[in-house]
Amino acid sequence: MQNHSRMKSVCRLIVTVALVGCLMGSASVQAQDVAVGQATATVLTMLTVTATMPLKFGDVMQGVRKVVAKNVDDAGGVSSGIFTINGAVSKEISCYLQLPDYLWNSTNEDRLVIAFSATDGLIDTTAAGTPGTPGAGLGAMDQDPHNMPEFALNDVGGLARIYLGGTVWPTVDQRNDAYSADIVLTVAYTGN
């Protein structure tokens, strides 16, 4: 009988300890709190680039170099190359121009040397001018088309234009033909 009585005491002790543990556990739960935060992001307007005007040298004579300035647009078929960039207002972009070393004739049998100087680029962030006539944004400064600076799109409509001039160097026996090459502009947001 003593064992039975002892067993009852042990069971009461276990139940008491369990009950105290539950009460303490619920006291711990009541001391906790939960908060819900959020993660947010705004995706910017996609950048678009348009080759608005090709760099056109017009008629070229054998053995005579021909220069086209970065801000030319005349009725004689000569014009600076123009790229138009649209994106998020006031956001900074980087630009990389892949410039050719040669123009190739229609049968790819002859090439015409083309060169770009450190002052053959112009950036217009004002969007004030027409595509053929630059405004006064960064375009007031000469730009090296091989190493374009990072710049912010304008705060009016997220617009900028890049103007490009260059020089062709035909040989004295340059083949009579039409010559062309691709100029590729790659743009990306910098995150600033």
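Derivation of every value follows stated rules applied to the coordinates shown; laboratory data play no part. Predicted, not measured: the structure shown is a model, and the values here were computed from it.
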Checklist entry - How large is ³J(HN,Hα) for each residue in the stretch 104-110, as worked out from phi by the Karplus curve 6.51 cos²θ - 1.76 cosθ + 1.60 (θ = phi - 60°), to whole Hz, x for Gly and Pro? => result 10, 6, 4, 9, 6, 9, 9
Checklist entry - What span do the alpha-carbon atoms of the stretch 48-189 cover on each of the three principal axes, reported in whole Å from largest to smallest? => result 50, 27, 23
Item to check | J(HN,Hα) series, the stretch 80-85, from Karplus relation 6.51 cos²θ - 1.76 cosθ + 1.60, nearest Hz, glycine and proline x | outcome: 6, x, 9, 10, 10, 10
Checklist entry - the stretch 153-192: D in µm²/s via Stokes-Einstein (Kirkwood Rh, Cα pairs, 20 °C, 1.002 mPa s)? => result 146
